[in-house]
Amino acid sequence: MTERIEKLARECFDVANDGNGDEYLGTTAGVEKFAELIVRGCVEIVETQRVPVGNSPAGEMAAKWTMDALRECRDEIKEHWLRLTDVELERRTGEPHIDGYPLQSGLPPPAKGKK
């Protein structure tokens with residue numbers, strides 16, 4: 001296990017030493033927090049990625065395209081790993097959800113293609 005992962009694990013789990021090394025005792029909440037911290041770390045890497053800009057209009061255009069692609073990757077990672085599904089929302093709130101909205105609230109689901 002790397003030092004970074006070890007540090008995250010110690011933040012999220014109770015640690016018991018069995019004499020043969022560390023053993024991590026996790027709860028569902030701890031596992032969720034551990035996974036979320038790893039995903040947020042990945043998103044941060046994408047968000048802080050530097051893209052060199054060339055000394056020409058073509059270089060500037062290529063840098064813009066690259067930054068746009070990185071932003072799309074960031075958004076897809078967030079959507080895939082950090083957005084709760086309707087089933088998860090229902091489990092947490094006790095209320096059925098459709099497209100992230102509570103079924104009983106009367107709010108319409110977002111328009112297709114919008115997040």
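Read-outs throughout are calculated quantities, based only on the coordinates presented, and are distinct from any laboratory measurement. Just so it is clear, the model here is predicted, and its values are computed rather than measured. Counting neighbours? That spans all protein chains shown, and the Cβs are built from the backbone with ideal geometry, glycine included.
Modelled label positions at residue 65 and residue 27, each set 7 Å beyond Cα in the direction of Cβ, lie 5.0 nm from each other. Taking trypsin sites (Lys or Arg not before Pro) across the stretch 12-88, the ones in a DSSP loop with at most 12 further Cβ atoms lying within 10 angstrom of their Cβ are 50, 83. Evaluate E = 1/(1 + (r/R0)^6) for residue 58 and residue 78, where r is the Cβ-Cβ distance and R0 equals 35 Å; express this FRET efficiency to the nearest 0.05. It comes to 0.70.
How big is D for the stretch 3-83, in µm² s⁻¹ as a whole number, if Stokes-Einstein is applied with the Kirkwood radius of its Cα pairs at 10 °C and 1.306 mPa s? This corresponds to a translational diffusion coefficient of 104 µm²/s. Short-range pairs are left out: with C-alpha atoms under 8 Å and at least six residues apart, the relative contact order of the chain is 14 percent. Comparing 38, 98, 77 in a Gaussian network model of the chain, where Cα atoms under 10 Å apart are tied by springs, the biggest mean-square fluctuation is seen for 98.
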